[in-house]
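The next block holds one structure in the form of structure tokens; read it before the comments.
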Amino acid sequence: MKRLCSLLVAVIAASSCSSDASSELGASTTTTDAPAVEAVTATTASTESTTTTIPLPVAPYTGLPFEGDEAALQRPAIVVKVDNHPRSRPQTGLDRADMVIELRAEGVTRFMAVYHSDLPEPVGPVRSARTSDFDILTALDEPAFAYSGANAIVDRGLGALPIYARYENRTDFFRARNRNAPHNLYVNPVGMQASLPDDAKAPEPWFTFADIDTVIEQGRSISGDVTVVFQGSPIVRYRWDNELGGWLRTQDGATHSTESGDQLAPANVVILETTYGVSRADAASPELLSVGFGAATILTAGRVIQGTWSRTDNTVPPEISDIDGRTIVLAPGQTWVEWPDRSVIIPES
């Protein structure tokens, strides 16, 4: 009996040892339940697609973004002396000029249409140069100048200016058969520009442009016509058209339209009151005195701002300031510069 008990004890002990060993081996060699694994939410790194917008270059005379070949902005301006005699109307290409400058001639006004960011084909009718043109051209950074001719004194004066002169006998000009001379000469600005040297100078801005929110903080809103009076010349009126975003132009009570039938409606009108002297080249011809200072009326974004203009010499454009001496800023777009010598009539509201 004692022996049986001893055997039983030995068997139990062996069984116990076998169980302990199995436990130790089981960790590495036996199949057991997998340990609980905490769930992890997989996340994919999201790369946000970003587009870098490179701002478009800005045309110096309009303040508008330029979508064409940027190299075109490095070319000089093309200035065309455009007729405003009743028989010359409607003109061609005035609506596409970056800037138009109106000044007195003999009993009429004429335009210096400045083309840079847009070159229409053709422009006209083209008329002759005057001494008034000299001090405008010198502030346009060596432009090309298209005119129909000039007397000997004006020709010599133009020859002394830093400009590229182009006149009627060039291949860029032609006579329209449906009009009578002298109101039938036209020029092709594209052809003019192609003939200029590669190192010709790019122009600098004449005015400061700003966004509309900034522009409308100036001056006051206006309704009705603003009247510009040149001595012995057409009475010019401008009226704001909110839908067009421009100032509708009339002359002597008639709509002033281009040959396409569209009424001229610049985004800005800069009216600089001045005086005229007698031309050194022709006693019958008035000569604009554009260096100096005077009263200014600015029409932009449906607002009228009154102030002053000043110009220290003929190589710089006029500076325009409000009555507190702050620079007046313009809405981007076409600008007409008026140099009247009589009066500017502004409605009360």
Over the stretch 311-320, the set of residues within 22 Å of Asp211 (Cβ to Cβ) and either touching a residue at least 24 places away in the same chain (Cβ under 8 Å) or surrounded by 20 or more Cβ atoms within 10 Å (Cβ to Cβ) (or both) is Pro317, Ile320
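Could you tell me whether Asp282 is at pLDDT below 95, within 25 Å of the chain's Cα centre (by Cα) and outside any strand (DSSP E or B)? Show your work before the answer.
Numbers: at pLDDT below 95: yes; within 25 Å of the chain's Cα centre (by Cα): no; outside any strand (DSSP E or B): yes.
When the stated conditions are applied, Asp282 does not pass them.
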The residue that is nearest to Val270 (Cα to Cα), considering only those in the stretch 288-310 that are without any contact (Cβ under 8 Å) to a residue 60 or more places away in the chain and out of contact with any Lys or Arg (no Cβ under 9 Å at 6 or more places or on another chain), is Ala296
With criteria (1) within 30 Å of Thr275 (Cβ to Cβ); (2) part of a loop (DSSP other than H, G, I, E, B), Glu217 comes up short on (1)
Selection over the stretch 98-128 where residues are in a loop (DSSP other than H, G, I, E, B) and either within 20 Å of Thr274 (Cα to Cα) or hydroxyl-bearing (Ser, Thr, Tyr) (or both) yields a count of 6
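Does Gln263 satisfy being under 19 Å from Ala301 (Cβ atoms), without any contact (Cβ under 8 Å) to a residue 40 or more places away in the chain and of a type in the set (S, T, N, Q)?
Answer is yes for this residue.
Quick check, is Thr335 more than 23 Å from Asp133 (Cβ to Cβ), of a type in the set (S, T, N, Q) and surrounded by 13 or more Cβ atoms within 10 Å (Cβ to Cβ)? If you could, list the steps in order and put the result at the bottom.
On the way: more than 23 Å from Asp133 (Cβ to Cβ): no; of a type in the set (S, T, N, Q): yes; surrounded by 13 or more Cβ atoms within 10 Å (Cβ to Cβ): yes.
For Thr335, the condition - more than 23 Å from Asp133 (Cβ to Cβ), of a type in the set (S, T, N, Q) and surrounded by 13 or more Cβ atoms within 10 Å (Cβ to Cβ) - is not met.
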Within the stretch 136-158, restricting to residues that are outside any loop (DSSP other than H, G, I, E, B) and over 16 Å from Val82 (Cβ atoms), the one that is nearest to the chain's Cα centre (by Cα) is Leu158
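Out of Asp95, Asp133, I need the residue that is out of contact with any Asp or Glu (no Cβ under 7 Å at 6 or more places or on another chain) and not in a loop (DSSP other than H, G, I, E, B). Which one?
Unique residue meeting the criteria: Asp133.
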Scanning the stretch 334-349 for residues that are out of contact with any Pro (no Cβ under 7 Å at 6 or more places or on another chain) and under 15 Å from Asn268 (Cα atoms) gives Val337, Glu338, Trp339
Over the stretch 259-277, the set of residues surrounded by 14 or more Cβ atoms within 10 Å (Cβ to Cβ) and within 21 Å of the chain's Cα centre (by Cα) is Gln263, Leu264, Ala265, Pro266, Ala267, Asn268, Val269, Val270, Ile271, Leu272
When Tyr238 is run through (1) assigned to a loop (DSSP other than H, G, I, E, B); (2) surrounded by 22 or more Cβ atoms within 10 Å (Cβ to Cβ), the failure sits at (1)
Quick one: is Trp309 under 18 Å from the mean Cα position of the chain (by Cα), assigned to a strand (DSSP E or B) and modelled with pLDDT of 95 or more? no
Just one listed residue, out of Asp213, Asp241, Asp172, is farther than 29 Å from Pro86 by Cα and of a type in the set (D, E, K, R), and it is Asp213
With the first residue restricted to the stretch 329-349 and required to be more than 26 Å from Asp213 (Cβ to Cβ) and touching a residue at least 60 places away in the same chain (Cβ under 8 Å), and the second required to be β-branched (Val, Ile, Thr) and part of a loop (DSSP other than H, G, I, E, B), Cβ contacts under 8 Å at 6 or more apart or on different chains are Trp339/Thr274; Pro340/Thr274; Asp341/Thr274; Asp341/Thr275
Going through (1) closer than 28 Å to Leu244 by Cα; (2) surrounded by fewer than 16 Cβ atoms within 10 Å (Cβ to Cβ); (3) of a type in the set (Val, Ile, Thr); (4) in contact with a Gly (Cβ under 7 Å, 6 or more places away or on another chain) one by one, Val304 fails only at (2)
Residues of the stretch 60-92 being aliphatic (A, V, I, L, M) and either outside any loop (DSSP other than H, G, I, E, B) or at pLDDT below 95 (or both), in sequence order, are Ala71, Ala72, Leu73, Ile78, Val79, Val80, Val82
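The values are calculated or read from the model by the stated rules, or taken from the named source; none is laboratory data. Everything numeric here is computed off the predicted structure, so don't read it as measured data. Glycine also receives a Cβ, built like all others from the backbone with ideal geometry; neighbour counts cover every protein chain displayed.
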